[in-house]
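Colleague: Below you'll find the structure I mean.
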Amino acid sequence: MSLHILIVEDDERISGFVKRGLEAEGYLVDIAQDGHEGIQKGMDPYDVIVLDLLLPGKNGHDVCQALRDEQIQTPILILTAKEALQDKLRVFDCGADDYLTKPFAFEELLARIKALLRRKPYKEAAAELKIGDLVLNRDSREVHRGGKVISLTRKEFDLLDFLMSHPDKALSRVSILEQVWGYHYDTLTNIVDVYIGYLRKKVDAGSKKKLLRTVRDFGYKISDKQPS
């Protein structure tokens with residue numbers, strides 16, 4: 001069965017170019033030309049959604065957020081002309097899985113799509129994870145610590161889920177990037193450190209016992225054991 005991809009892009013030159021390239025690779029491709037159509041079509045089952053940020057009607061951030069609010073879990077790859085770190089972080093905050101900066105080479109777009117398609121699932125075990133007084137529920141996507149609800153963005157939740165799936169284990173930045181972001185990013189990126197910082201402010205702030213630990217020159221781990 002061919003994999004089905006939705007392209008949400010109002011520039012017909014770009015959408016046509018991408019569509020022809022993906023169809024040559026054996027994919028089935030649909031196109032939506034504005035944000036409203038993107039939300040409507042995105043509700044249908046697709047294997048990947050390629051979503052431009054600058055769209056008429058509703059922008060890409062709004063489209064992505066609307067789909068996530070409807071519990072649509074299709075991997076979303078954002079196309080953006082913005083290169084600032086905060087702009088890229090906002091892409092993940094709205095629920096996207098990856099981004100690609102314009103202008104882009106088709107070969108890189110194809111590689112990103114394939115990476116999203118082969119991303120290893122790590123959410124197949126128990127619905128609830130516990131470490132000390134920290135509780136994460138995968139079904140409700142809720143997190144509590146000491147009975148207090150912690151509000152997380154989608155990517156923060158995914159990162160915490162991955163860490164809690166490997167309690168007491170040191171996880172490299174590279175493995176975190178591959179499993180949580182689903183792509184072999186430049187190993188010099190600091191996006192993991194940025195998101196760990198976000199989690200620390202939400203998960204460890206106000207608690208005497210700090211669960212998120214830095215593994216020097218390697219990565220991070222989560223543990224409720226006393227540091228050695």
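The values are calculated or read from the model by the stated rules, or taken from the named source; none is laboratory data. Being a predicted model, the structure only gives us computed values, none of them experimental. Here the Cβ positions follow ideal geometry from the backbone for every residue, glycine too, while neighbour counts run over all protein chains shown. Note: accessible area is taken over every heavy atom of the protein model, side chains too, but ligands, DNA and RNA are not part of it. Shrake-Rupley method; radii C 1.70, N 1.55, O 1.52, S 1.80 Å.
Colleague: Out of all the residues in segment 34-51, which are over 16 Å from the mean Cα position of the chain (by Cα) and acidic (Asp, Glu)?
Modeller: Residues satisfying the conditions are 34, 37, 44.
Colleague: Let me ask something additional. All but one of (1) under 20 Å from residue 119 (Cβ atoms); (2) open to solvent by 70 Å² or more (accessible area, probe 1.4 Å); (3) at pLDDT 90 or above hold for residue 58; which doesn't?
Modeller: (1)
Colleague: Can you name the number of the only condition in (1) out of contact with any Phe, Trp or Tyr (no Cβ under 8 Å at 6 or more places or on another chain); (2) at pLDDT below 90; (3) over 18 Å from residue 21 (Cβ atoms); (4) open to solvent by 10 Å² or more (accessible area, probe 1.4 Å) that residue 95 fails?
Modeller: Against the list (1) out of contact with any Phe, Trp or Tyr (no Cβ under 8 Å at 6 or more places or on another chain); (2) at pLDDT below 90; (3) over 18 Å from residue 21 (Cβ atoms); (4) open to solvent by 10 Å² or more (accessible area, probe 1.4 Å), residue 95 comes up short only on (4).
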